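To keep things clear, I will list the structure first and then write my remarks on it.
The values are calculated or read from the model by the stated rules, or taken from the named source; none is laboratory data. Treat the numbers as computed from the prediction; the structure is a model and nothing was measured. Note that each Cβ is placed from the backbone with ideal geometry, even for glycine, and that neighbours are counted across all protein chains shown.
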């Protein structure tokens, strides 16, 4: 690995920051980079955040041509975790990493922080009509993961692929894994055992499959910051995978749809998970979801158990704390092994109307996705806001947009039809590069009834999108439509427009070929937070 190194002067306890104390010493901070094709490039500075019990300390330093930087004087600490962000001359994050657990910041210590490019990965299934005839049912297969390298600014078109077929890509600290599982036709339901394969974060090569197998259809996954554990939620069990041995262990039974990992300061791991999560796009809000606390570390004194039932829609973890959103109560809250506690009522704090259905938390900042059903002529809406965990100030909106899709008549550009969504679901939400980026994936459903006078047929369309925002400005970094497909039912006696296609919206890139279109079943960042 290539190593960037800092030598910081640690002041002795009670020593002055202006002059070295007689017993002051040095601590070395090492940023480990894989030394491969995917190394961060073009960085000129490094931003270091030291998370200490008394608060955060932030330092920024220039990186010299030899990869060295100087952080100046730092006070000693018995417990500190470290985040490192490499930035280019314009301030864009081109590399990011963090330590898994707290370490002592004392004379003679060396703290190593793995750093990787801020890359987002999406994976899922592609459906192609049998024999190429659009009247036939779709044949479903997996597709290699699509890669969005946020450090290069390249616009997605589906061609940037990695690995073999995958339904799930999940990061665990500096490591990356894909999960492959067979599909059934014509429904696309996952079946059989699932296989886990490591992906090199140096060059995207695929390693040998881990020996552990998973049962049930794979839904979601999370990884520990130390890279040692994966938690995979399926329709039948919640699994823990030891990435060193590859062994898979059933943590508890049940249909789990959301999972996150909370780590204590001493390294113990627990999963927070949602069991029996209902659809969030239904007209009525169900309160039958179960919020579970599941110890991961073998030999834990506490057994897996349900903490509460309610309208729980998503979970997230940050700095030894676990959080949830309740779609029915419109609530952001914290969960422990014993109970839940409300932190913020979103409907009364300046948030746009809607059900909170997605959550990610990073450095005390919550990112919350909200869904609304159509009202009158207005389409279903997806919103994304950011709000402090510790303060009750008004949230800031990054997105609040009704979902619409334009379809065109092939080879007849003047004929178009705009459809408004009857539902929008936010499927995944993650924060990347220490809070510089936030990404979400959405699925929208559209229906347009036949309009005889205009010659428009009855039309049903479904779309999937990946959207990435810069959290500081709210600016769109990527808007990629990975899927747009549907059923057009023309009556030849009333419709002269028989061949339709999905149009790209302003600022939206699309899959360059039909074979690259896919339903998004997972999304993750390197060092993502959810």
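Taking the stretch 237-259 as the range and being under 17 Å from residue 176 (Cβ atoms) and surrounded by 15 or more Cβ atoms within 10 Å (Cβ to Cβ) as the test, the residues that pass are 241, 242, 243, 246. Selection within the stretch 15-71: residues that are in a strand (DSSP E or B) and more than 29 Å from residue 364 (Cα to Cα). The member of this set that is modelled with the highest pLDDT is 68.
How many of the residues making up the stretch 487-512 are surrounded by fewer than 10 Cβ atoms within 10 Å (Cβ to Cβ) and either under 16 Å from residue 417 (Cα atoms) or at pLDDT 80 or above (or both)? Quick ask: steps written out before the conclusion?
Just the residues of the stretch 487-512 that are surrounded by fewer than 10 Cβ atoms within 10 Å (Cβ to Cβ), to begin with: 492-493, 506-507.
From the residues that got through so far, the ones that are either under 16 Å from residue 417 (Cα atoms) or at pLDDT 80 or above (or both) too are 506-507.
Selection size over the stretch 487-512: 2.
The strands (runs of 3 or more DSSP E) falling completely within the stretch 293-401 that include 1 or more residues that are under 22 Å from the mean Cα position of the chain (by Cα) and touching a residue at least 12 places away in the same chain (Cβ under 8 Å) map to 312-318, 321-326, 331-335, 355-362, 365-372, 381-388. Kindly evaluate residue 284 against the criterion of being free of Cβ contacts under 8 Å to residues at least 12 places away in the same chain, more than 25 Å from the chain's Cα centre (by Cα) and part of a loop (DSSP other than H, G, I, E, B). In short, yes.
Matching residues to (1) under 17 Å from the mean Cα position of the chain (by Cα); (2) at pLDDT below 95; (3) surrounded by fewer than 19 Cβ atoms within 10 Å (Cβ to Cβ):
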| site | (1), (2), (3) |
| --- | --- |
| 181 | no, yes, no |
| 184 | no, yes, yes |
| 194 | no, yes, no |
| 210 | no, no, no |
| 221 | yes, no, no |
| 227 | yes, yes, yes |
| 232 | yes, no, no |
| 235 | no, no, yes |
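To keep it simple, each residue is scored yes or no on (1) farther than 20 Å from residue 369 by Cβ; (2) surrounded by 23 or more Cβ atoms within 10 Å (Cβ to Cβ); (3) modelled with pLDDT of 95 or more.
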| site | (1), (2), (3) |
| --- | --- |
| 415 | yes, no, no |
| 439 | no, yes, yes |
| 443 | no, no, yes |
| 447 | yes, no, no |
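The lone criterion from (1) within 30 Å of residue 80 (Cβ to Cβ); (2) surrounded by fewer than 20 Cβ atoms within 10 Å (Cβ to Cβ); (3) in contact with a helix residue (DSSP H, G or I) (Cβ under 6 Å, 6 or more places away or on another chain) left unmet by residue 118 is number (2).
Only residues that are in a strand (DSSP E or B) and surrounded by 18 or more Cβ atoms within 10 Å (Cβ to Cβ) were counted across the stretch 72-115, and they come to 21.
Scanning the stretch 268-280 turns up no residue that is assigned to a strand (DSSP E or B), more than 22 Å from residue 525 (Cα to Cα) and free of Cβ contacts under 8 Å to residues at least 24 places away in the same chain. Flag not set for residue 206, criterion: surrounded by 14 or more Cβ atoms within 10 Å (Cβ to Cβ), more than 17 Å from the chain's Cα centre (by Cα), at pLDDT 90 or above and closer than 22 Å to residue 427 by Cβ.
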